[in-house]
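Here, each number is a calculation from the coordinates, and none is a lab measurement. Only a predicted model underlies this, so the values are computations on that prediction, with no experimental measurement involved. When we count neighbours, we look across all protein chains shown, and the Cβ atoms used for this are built from the backbone with ideal geometry, even at glycine.
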Amino acid sequence: MPELVPVVTEKEIEKRVQEIADELSELYKDKNLILIGALKGCFIFMADLARKLKVPATIDFIAASSYGDSDVSSGEVKITKPLSLDIAGKDVLIIEDIVDSGTTLSYLKDYLSSMKPASLRICALIDKPERRKTEIKIDFTGHVVEEGFLVGYGLDYAEQYRHLPAIYHLKF
């Protein structure tokens with residue numbers, strides 16, 4: 001059995017989600033905000049964040065993968081669920097669970113930019129620069145974690161551990 005080592009507590013996550021929601025509510029007042037969640041890992045973070053916003057937001061999801069069932073990015077990204085909304089001329093915020101290698105997020109940013117949104121920013125629960133291969137600007141960051149394979153609060157390993165209320169390092 002792998003060992004779960006606590007990294008970010010449930011209370012720390014809740015506090016930071018509220019802080020980000022407050023920042024976003026101020027920035028996007030009087031805007032047409034669209035939250036685009038990068039599935040599957042973002043769903044818990046995005047739901048909590050959306051509920052704390054003080055501005056209306058439209059929600060859509062996109063799915064892209066470079067991992068499969070591995071703990072290492074393959075480097076090849078594919079869209080597995082496209083958007084259902086037209087984002088042209090809208091203010092778009094990509095919601096990501098974790099930025100690790102940066103490969104998938106960089107691809108998503110370029111892909112969504114080609115749809116001509118009014119603005120495009122990135123909000124990530126976890127920034128993990130340890131394995132970064134692609135430079136990517138994260139506009140809103142929940143927590144920076146230096147190392148370890150992380151699970152919980154939507155983050156998974158082979159579709160397991162998403163249900164955990166905090167974030168843990170999965171030690172094999």
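Some points to look at:
- Summing charges over all other residues whose Cβ lies under 13 Å from the Cβ of K109, with Lys and Arg as +1 and Asp and Glu as -1, gives -2.
- Mean separation of Cα contacts under 8 Å, 6 or more apart, over the residue count of the chain: relative contact order %: 27
- Within the chain, helix-based [θ] at 222 nm, where runs of 4 or more DSSP H residues each add -39,500 (n - 2.57), nearest 500: -7000 deg cm²/dmol
- Antiparallel bridges, percent of DSSP beta bridges restricted to the chain (to nearest 5): 35
- A Gaussian network model of the chain, with springs between Cα atoms under 10 Å, assigns the largest mean-square fluctuation among V17, V55, V151 to V55.
- Cα-based equivalent ellipsoid, the stretch 10-148: semi-axes from gyration tensor eigenvalues, Å: 22, 19, 12
- The charge dipole of the stretch 1-46, taken about the Cα centre with unit charges on the Cβ atoms of Lys, Arg (+1) and Asp, Glu (-1), comes to about 180 debye, rounded to the nearest 20.
- Summing +1 for each Lys or Arg and -1 for each Asp or Glu among the other residues whose beta-carbon sits under 14 angstrom from that of V5 gives -2.
- Cut-off 18 Å, label 7 Å out along Cα→Cβ of K31, residues of the stretch 77-99 by amide N: 86-96
- When the C-alpha to C-alpha distance is required to be over 18 Å, the pairs from K31/K137; K90/K133; K81/K137; K54/K81; K29/K52 that qualify are K31/K137; K90/K133; K81/K137; K54/K81.
- Separation of the D110 and A50 label points, Cα + 7 Å toward Cβ, nm: 2.9
- Summing Cβ point charges (Lys, Arg +1; Asp, Glu -1) relative to the Cα centre of the chain gives a dipole of roughly 420 debye.
- Sites matching trypsin sites (Lys or Arg not before Pro) across the stretch 90-172 that sit in DSSP coil, with at most 12 neighbouring C-beta atoms within 10 Å: K133, K137
- Neighbourhood net charge (15 Å Cβ-Cβ; Lys/Arg +1, Asp/Glu -1) for T134: -1
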